[in-house]
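Everything on this sheet refers to the single structure shown next.
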Amino acid sequence: MIISHHRVVVVGAGPTGLTAALSLARHGIDCLVLDRWDEVYPQPRAVHLDDEVYRIVAWVGLADEFARISRPSAGLRLVGRDGEVMAEFRRDAGESANGFPRANMFDQPEFERMLRAALPLYDEITFRGGVEVTDVVHTEAGVRVDYLDRAGGERAVAHADYVLGCDGANSVVRAAIGSRMQDLRFEQRWLVVDIATSADLGHWDGVHQVCDPDRAATYMRIGDTRYRWEFRLRAGESAADYGTLADLRPLLAPWTGEIDSSGLELIRVAEYTFRAQVADRWRDRRVFLLGDAAHLTPPFIGQGMGAGLRDAFNLTWKLAGVLDGALDPDRLETYEQERKPHARAMIRLAATLGRAMTEGGVLGELFRRRLVRLAGRVQGVGAKVADGVTPALRESDFVHRAAFRRGLAGTLCPNPAVDERGRRLDEVAPGRFLVVTTVRPTDGQRDEIERRGGVVIQAKAGSGLARWLREGHATAAIVRPDRMVLRAGRSLSSLHTWLPTML
Ligand SMILES: Cc1cc2nc3c(=O)[nH]c(=O)nc-3n(C[C@H](O)[C@H](O)[C@H](O)COP(=O)(O)OP(=O)(O)OC[C@H]3O[C@@H](n4cnc5c(N)ncnc54)[C@H](O)[C@@H]3O)c2cc1C
């Protein structure tokens, strides 16, 4: 029997687990990553991520690689049954306040291959594919993970200080800690179709959501020659009814027009049940749930995978701090306190869009109106950029919100160029706490900030950062390693003492 010891065991090498492992490795934490398969799961699922999540991809060192495999999108259109545009939320293909295009289309297997290819760059990461995790058990010393080699049946045990359950919708880790999915009452069957063609389909270059109770649909271009359609299945229909291009012709015709079937390559067609669910507990002592193991969303605003990456980014700097002895383990409570309400809000928004697309009559009209109002907040397509496009994180030990004002705490600090070399905020001191301020710190304050492991970012008058602070009624903000604001205020003298010691 193979027995090994690690600081962290990551169960599942999907996008969430891979991001968590790479992020831990960047903090110098050793981890074992276990997955059922040797290779990435080949079916395309996620196709969109936003500029906030792009920053996480950049943190794990893959911004340039992601730029090569992705394509900025023009935004979102809600269209009616006959193609009439009901609402349009354009986005600029250039860089947002987060430093990247606001909506980005890609192919999930290609994205996962990119993440997996980065694993060998880190001595801290050990990857074992072709293994089935069967149980996760707390012990006196930590946590034990039992797994089996799928080919030979050999048993193995990994001991760890912490375990991250990134094992997807049917999570074994979730079952092991006795957590259950809570249903947010959304369940629909959809047909997902991926097609390659070199023909120009000649449509607007963004996501189209067809609000048609009779046949709701989504169309989007995801690459130079790759396209995705999703169609709601009617009662009695299944993917088997649409197995060939000829079967799909009636659904695709409004989009592909005169293009002959020989010019279209059907990559795959599959049926998915879209659900809205959130696990009731995301943690039991030394075991955490992340990604689809903790939450499931209908994919309409393209935030499911992104939520998993946000989980990984939120938890890993805290875990690294605890494992380094710099943070009190009690602070790990903040993971669920912060991430669960955020994930739930995004899932509710996705479900609203789903209902606006599929509900008929007065109810459908209500959902569509609500959506047009909310759509300014749909990440990657709204008009707002820097002031909290996704909801601010809730109050926690790492988010100190002002009592009577919304303020900057819990929001994401923008990522503008901050030095003469053109380096962006995220590139200056990755993984460290920042004190971003328009005030010049005294020598004593600067020493204290540095003694606690923080880095001062001086926001020049008139700069984007200075404007961001001013609009948040602050002159200084403590920014966490995941670039969320811990606390902001009008005076540096009281603020900097809230900086946790992270050396
Ligand atoms: C049609 C569709 C469209 C989507 N579109 C988008 C989109 O545009 N944008 C977006 O952000 N998201 C989208 N999503 C959601 C996205 O695909 C998922 O949220 C994402 O894959 C979740 O990643 P994960 O790593 O948490 O879980 P998974 O991708 O499910 O990975 C879990 C991993 O754990 C492994 N595993 C599971 N159990 C075990 C075990 N017992 N032992 C060992 N290994 C195990 C699996 O092999 C797998 O590799 C879409 C989903 C669908 C279905």
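The values are calculated or read from the model by the stated rules, or taken from the named source; none is laboratory data. Please read all numbers here as calculations on a predicted model, not as lab measurements. Cβ sites come from the backbone with ideal geometry, for glycine too, and all protein chains shown count toward neighbours. Ligands, DNA and RNA are excluded from the accessible area calculation, which covers all protein heavy atoms including side chains. Shrake-Rupley method; radii C 1.70, N 1.55, O 1.52, S 1.80 Å.
Of note:
- Between the amide H of V210 and those of V79, A217, T218, Y219, distances stay under 5 Å, these residues lying 5 or more places away or on another chain, with hydrogens modeled in the peptide plane.
- Within the accessible area of the chain (1.4 Å probe), percent carbon and sulfur: 48
- Gyration tensor (alpha-carbon) shape descriptor, segment 392-503, a/c threshold 1.5: rounded
- Percent of beta bridges antiparallel (DSSP, the chain, rounded to nearest 5): 70
- Order by protection proxy (mean Cβ within 10 Å, highest first), peptides 178-186, 44-52: 44-52, 178-186
- Anisotropy class of the chain from Cα gyration tensor, a/c 1.5 cut: oblate
- Sparsely packed trypsin sites (Lys or Arg not before Pro) within segment 405-446, loop by DSSP, other Cβ within 10 Å at most 13: R405, R421, R423
- Ranking G361, A343, A403 by how far each Cα lies toward the positive end of the dipole of the chain (charges on Cβ) leaves A403 at the top.
- Seen against the Cα atoms of the chain and their longest principal axis, helix 361-374 is set at about 40 degrees.
- One Cα centroid belongs to segment 335-363, the other to segment 270-332; the line between them spans 17 Å.
- Per residue value of the accessible surface for the chain (all protein chains in place, 1.4 Å probe), Å²: 42
- The angle separating the long axis of helix 333-358 from the principal Cα axis of greatest extent in the chain is about 20 degrees.
- Calculated mean residue ellipticity at 222 nm for the chain: -8500 deg cm²/dmol, from DSSP H runs with n ≥ 4 weighted as -39500 (n - 2.57), summed, divided by the residue count and rounded to 500.
- Whether segment 194-233 is rounded, prolate or oblate, judged on the alpha carbon gyration tensor where a/c under 1.5 counts as rounded: prolate
- Residue separation of D183 and E420 scaled by 0.36 nm, minus their Cα-Cα distance, works out to 80.3 nm of gained length.
- Judged by the mean number of other Cβ atoms found within 10 Å, the most tightly packed of the peptides 133-139, 390-396 leads the ranking 390-396, 133-139.
- Summary value for the chain: 15 percent relative contact order, contacts being C-alpha pairs under 8 angstrom separated by 6+ residues.
- Rounded to the nearest 20 debye, the dipole size of segment 392-503 about its Cα centre is 320 debye, using +1 on the Cβ of Lys and Arg and -1 on the Cβ of Asp and Glu.
- With both residues required to sit in segment 392-503, DSSP beta bridges show an antiparallel share near 75%.
- Helix 245-256 axis, angle to the chain major axis (alpha carbon atoms, nearest 10°): 70
- For E258, net neighbour charge (Lys/Arg +1, Asp/Glu -1) across residues whose Cβ lies under 13 Å away: -1
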